[in-house]
Amino acid sequence: MLFPRVLIIEDDPISLDTLASTLRLRLAAIQLETAESALASLERIRSEEYAAILCDAHQPRMEGVGFVRAVRKVHPEWPVLLLLEKHDEDLIRQAMNAGAYDVLVKPVEEGTLAFAVQRALEVSRLRGQVKREEEQLLLTVRRLLNDLQVLYGAYGLRSHFEAFMASVERERQVSGREDDDSASAREEKNQTRRRYHEDNPPDGEV
């Protein structure tokens, strides 16, 4: 039996070991892999299959929000959970806008962590099931169109259908890029606002 694979990314070895030990103890029916760099993990993500990813949001060479966007470009159906060092409403909003499945703030209670990952695994399973059913439906429709072309000489049905599906895919990609651009613009605006307030504190504050 193949267990769902979970990738944990944390640059602090002690925290990484703690997270892995907690999930192994709380969620026995999973296959855990660990990594110390979000940036280095991107190559693995392109070639491997994971049911969920748990990533520290404060990486030296790649912030968590950027990592979420990078994963979603390759595997939009994979749930990515981010771990924050402290509660930050702006960062949480940016992460959710980027497509993060969930955001947890350290220190995370063992039960809370296990529940969040378990929920992400269930969502991953359901998304995978929907994707497989969509693929099966498309295969059935294509076979039906081929049969109609042969039986009734309705040649061109398949090509029209493929053109329609290509158009749908293009619109989906454009929509995804627009969402990314909007999220980036919001993130830049929030960062500018924070820098302004840091440089111009209210009267009486130092």
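Structure data summary
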quantity	calculated
Cα gyration tensor shape of the stretch 5-124, rounded if a/c is under 1.5, else prolate or oblate by comparing a/b with b/c	rounded
Sparse-neighbourhood loop sites, chymotrypsin sites (Phe, Trp or Tyr not before Pro) in the stretch 49-142 - DSSP loop, at most 14 other Cβ within 10 angstrom	none
Residue 36/residue 96 FRET efficiency (R0 30 Å; Cβ-Cβ; nearest 0.05)	0.75
Assigned charges on the beta-carbon of Lys, Arg, Asp, Glu; the stretch 5-124 dipole about Cα centre (debye)	340
Extension reserve of the residue 170-residue 46 stretch, reckoned as 0.36 nm per residue once the Cα distance is removed	42.5 nm
Loop sites in the stretch 103-182: GluC sites (Glu not before Pro), DSSP, at most 10 other Cβ within 10 Å	109
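Rule-based calculations on the coordinates, nothing more; no lab input. Predicted, not measured: the structure shown is a model, and the values here were computed from it. No Cβ is skipped: glycine too gets one built from the backbone with ideal geometry, and neighbour counts run over all protein chains shown.
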